[in-house]
Structure formats: C-alpha cells, structure tokens
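Note sheet for the following structure.
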2 protein chains.
Amino acid sequence: MAQLMDGKAVAARVRAEVKAAVDRLQREHGLTPGLAVVRVGEDPASKVYVNGKKKAAEEVGFNSWELHPAEDITQDALLKLIHQLNEDPAVHGILVQLPLPRHIDPDVIISAVKPEKDADGFHPLNAGNLLLGRPATRACTPFGVMRLLEEIGCEPAGKRAVVVGRSNIVGKPMALMLLQKNATVTICHSKSDLRREVEGADILVVAVGVAELVKGAWIKPGAVVIDVGMNRKPDGKLVGDVEFAPAAERAAYITPVPGGVGPMTIAMLMRNTLEAAERTLR
Amino acid sequence: MAQLMDGKAVAARVRAEVKAAVDRLQREHGLTPGLAVVRVGEDPASKVYVNGKKKAAEEVGFNSWELHPAEDITQDALLKLIHQLNEDPAVHGILVQLPLPRHIDPDVIISAVKPEKDADGFHPLNAGNLLLGRPATRACTPFGVMRLLEEIGCEPAGKRAVVVGRSNIVGKPMALMLLQKNATVTICHSKSDLRREVEGADILVVAVGVAELVKGAWIKPGAVVIDVGMNRKPDGKLVGDVEFAPAAERAAYITPVPGGVGPMTIAMLMRNTLEAAERTLR
C-alpha cells in the first residue's frame, strides 16, 4: 500500500516557515508583506478560494486586502485598479482570482500585473524566466508539487516523469520544474496514448479535471503519484483524476484528494508573496 | 532508405516567400524591413554566421546593418547601443550574435532588446508567450524545424515526439512547439536513458552538439529524424548528433548535416524580422 503524501501537513509547515520569515522581516526591517486579492463579481467558487487565501494570509501575518469590484466592471476600470496596486508600496503580491467575467480578457489583466508583484506566477515574463531557467515567480500548484516531492525525498534526476495535462497554470510549468530537476519529462494530453505513457512513469502528475481518468492498473509499481484533479461525482463524492484505491495498491506514494495538492497551492502563494516582499529590500 | 529533408531548398523557398512579402510591403506601404545585427569582437565563427545573416537579409530585400563594437566594449555601452536600436524606427529586428565576451551578461543584453524587435525570439517575454500559447516571436531553429515537418506533411498530433537536448534556444522551445501541435512530447538530456526514449520516437529532434551520440540502430523504423547538431570530427568531416548512415536506413525522413536544419535557422530569422515590420503597420 502506498504512503499518503499529506499535503495538509506539508502546507501547514510551509505556512509556519513563512510566518517565521514574516516575524523576522517585521523585527529586522519593519516590513510586513502585503497581499492584494482581486475578486470580480460573484462567482461562488471564487469566493471560497479567495476566503481560503485571505485566511492563510492572516495566519502567516501578512497584510491582506480583498478588492471586490462588481461583475460589470469595465476592463479599463479593472486595469486602473491593477495599476493602483502596482504602484502601492504596501502591496507586494497581487492575485487576480480567475475566472474573470467574459467581457474581460484575462491575458490582458494578467499581463498588467507588475511581474515582481505577480504572486500567482502567471505573468508571461515569469513564465518565460521559468522556461529559460532564470529566477522567476513560480506558478503555485506545480511549485507546491515540487515541495511535496522534496518532503518524501523523491529525487527526480534520471527518473521518468509524466505530466498529464498541459495547462498554463499546472501542466506546462510542472513539466519545466521537473525538467529543471533533471527528470526525463513527457507531457501528455487528450491526443496521447495515455495508458502507455502512464505505465512508464516513475513520477506521475495528473492535472486534467476528469474524474478517475487514469486507471489504477496503469500505475507503475513503486511510482510516485500526484493527483492535482478535484472532481465531484454525481453522488457528491470528491475524487481526483486518478482511480485512488487501485492506484494506491501499486504506487509507493500517492496524494489523497482532497488534502493532497490543494492546500499546497495556497501555501506556495504565501511563499511567493513573502519572496516578493523580501525582494524589495535588495 | 529515408528521404532527405532538404533544408537548403526549403530555406530558399522561405526566403522567396519573405522576398515577395517585402516587395508587397514596399509597394503598398513604402516600408522596407530593417535588420540590425550586433557582433561584438572578433569571434571567427560569429563572423561567419553574421555574414550568412547579412547575405540572406540582402537577398530578401531588407535594409540591414552590422554594428561591430570592439571586444572590450562595456556592458553599459552595449546596452546604450541596444537602446538606440530599440528607438530607431527603421530597425524592425535586432539580433545580438552570441557568444558575447565574458564580461558581458548575455541575459541582461537579451532582455534589453525590445520584445517586439527580438528577431531571435530569445527575450523572456517571447519565451513566456510561447509557453503560454500566446502570439510570440519564435526561436528560429525550432521554428525552422516545424516548417521542415510541414513540408513533408508530417502531422505531429498524437505522435510521440522526443527532443534530445534542453537548451533555451532549441530544445525547450522545440518541445513547446511540438506540444502545441498536439504531439506527446518527451524532453531528454544527459540524465536520460537515451536509447529507450529514442526507440519510442515517431519524431526525433536531436540538439546536443555531441557527434553521432544517437546511434542509427536506436531509430524507430519509419521515424522522422531531425538532426540539429553540427560537429567537426578529428578528420575534419562535419557530422550531426545522429549516426547518419545507419539512421537513414531505418528512418522515413532524415535531415542531412550540413544542409538540413542550418539553413532554416537563417530563413526563419528573415521571417521573424518581416513579421516584426508587418506588426508596425497594425
């Protein structure tokens, strides 16, 4: 039976590390990191996510602000708001909760956030610096996965890592971070022979949002399985993108859903914001 | 026996397309694309490369300028030169020939080129936009490989593409371009079990700079083999990163070395500069 990778516990540890660093920043430099969260309109899931982020920000000792313009805010007015946050020295991290209303182009908004305040690591300049192996703010979810791997002492070098899903916020940056750690990395998607690729994976990261797409029988014995998915089945049960029970019989390590990758995303957001504040001292 | 992918002929076709577009631009808009090439010091290989680029620029009807500061130019003075080119409306594409002397940080110089004039596609913002699937100026060598694949009617979707090498200028952007065309993409490097990965490749791109590293016997029968390498053997012979003769016995298509990918790089540089000029009309 696989060992569980307890994202909740690791995330709590990351938050405690951030809190200790915040205490030090305040003591030594009188500086309190500040996170501004922009939530447009009334998407109910966004409200839950933003509350989780605000709660974590308070726990680690950040200043935090929620800006909550109405659904019908114009793109120009939202850009103006972003520019104000860009210019505000008390704000070190800016997060624009997605999705945005349909009349607003998310690419335009994400690109408008100053790269050094881009807490999510979504700005093209941060993406580019990640690709080029330069210092960059890293997308929170794959950054959290790397930390989970570290916690179990998994050394990616020379291993075959298979990433299923190629989103801008998980799959593609995940592949690059694993590559940076010297894994042989394969990126799969809907056109791939999924079973074949999964069967060869020493490290498997699945982020597609399709309930139990990856069958337990495909898992290589001894593999490390990271399930980024979170899907609600008709019976109300939350499941990942991997068939958990049969996968857990074959894997060496596996993330539970929920309680695996989810909490790590928010914890790494705190870390990104802390680092943005620290950079202002240099 | 594999069919040869004639990069020289395809590159000539690309240059002819660019020339036709330049003629149209001049006729309809009085606009002549301009390419500025910056060559620092006296690296002999750089001189050869730059001459090839200038020749191609003349052939397609661009204005072109070679700026040739001495080896001991300071980084600040070089930055000032780049800024002048950035501001010059006659210059649409800027290329800084690498390598630069050791006292100059190439990352700083590359980042100083205006992204919209970055003819090489090396600026982090262009890298990031490529990663994110947004419009971007593409690195010339992988962009040229994509054109070679198109020319033979190779459709990457659903195929297994293996990229050997993970440089910023070939391997990583190559992987992203193949991914964008829906290949299942694996990136290999010195820590990989190369033979195993190569044996599974329907499309193989090798860019490591090690003479005949990839053995012909590893090639999957019917594969498309793109050899970006160019190495001089002790006997003076130029060879690629793939053992050519035995690979050609198994592959369906293969690039010769020289005359394969090399000419494509310069042709795509012309195309990038043309597109930069066209963008100024929008």
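Details
- Hits in region B:193-204 (condition: assigned to a loop (DSSP other than H, G, I, E, B), within 18 Å of A:Cys188 (Cα to Cα) and at the interface with chain A (Cβ under 9 Å from one of its Cβ atoms)): B:Gly200
- Residue within region B:257-266 that is in a loop (DSSP other than H, G, I, E, B), over 28 Å from B:Ala119 (Cα atoms), open to solvent by 40 Å² or more (accessible area, probe 1.4 Å) and of a type outside the set (Phe, Trp, Tyr) present: no
One line per residue, one yes/no per condition, for (1) open to solvent by less than 30 Å² (accessible area, probe 1.4 Å); (2) modelled with pLDDT under 95; (3) touching a Phe, Trp or Tyr at 6+ places or on another chain (Cβ under 6 Å); (4) aliphatic (A, V, I, L, M):
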| site | (1), (2), (3), (4) |
| --- | --- |
| B:Asn86 | yes, no, no, no |
| B:Leu95 | yes, no, no, yes |
| B:Arg134 | no, no, no, no |
| B:Leu148 | yes, no, no, yes |
| B:Glu151 | no, no, no, no |
| B:Pro173 | yes, no, no, no |
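- The set of residues in region A:208-256 that are aromatic (Phe, Trp, Tyr) and open to solvent by 60 Å² or more (accessible area, probe 1.4 Å) contains only A:Phe244.
- Residues considered: A:Gly41, A:Gly34. Of these, the only one that is in contact with a helix residue (DSSP H, G or I) (Cβ under 8 Å, 6 or more places away or on another chain) and open to solvent by less than 40 Å² (accessible area, probe 1.4 Å) is A:Gly34.
- When residues of region A:184-207 are limited to those that are of a type in the set (S, T, N, Q) and open to solvent by less than 50 Å² (accessible area, probe 1.4 Å), the one nearest to A:Pro156 (Cα to Cα): A:Thr184
- For A:Asp76, the test of being at pLDDT 95 or above and closer than 30 Å to B:Ile169 by Cα is failed.
- Residues in region B:171-191 that are part of a loop (DSSP other than H, G, I, E, B), within 8 Å of chain A (Cβ to nearest Cβ) and free of Cβ contacts under 8 Å to residues at least 24 places away in the same chain: B:Lys191 only.
- Reported count of residues in region A:123-170, each being within 8 Å of chain B (Cβ to nearest Cβ) and hydrophobic (A, V, I, L, M, F, W, C), is 6.
- Residue match in region B:48-67 (condition: in a loop (DSSP other than H, G, I, E, B), open to solvent by 60 Å² or more (accessible area, probe 1.4 Å) and not aliphatic (A, V, I, L, M)): no
The values are calculated or read from the model by the stated rules, or taken from the named source; none is laboratory data. Everything numeric in this text was worked out from a predicted model, so none of it was measured. Every residue, glycine as well, gets a Cβ built from its backbone with ideal geometry; the counts of neighbours run over all protein chains shown. Side chains are part of the model used for accessible areas, which takes the heavy atoms of the whole protein and leaves out ligands, DNA and RNA. Shrake-Rupley method; radii C 1.70, N 1.55, O 1.52, S 1.80 Å.
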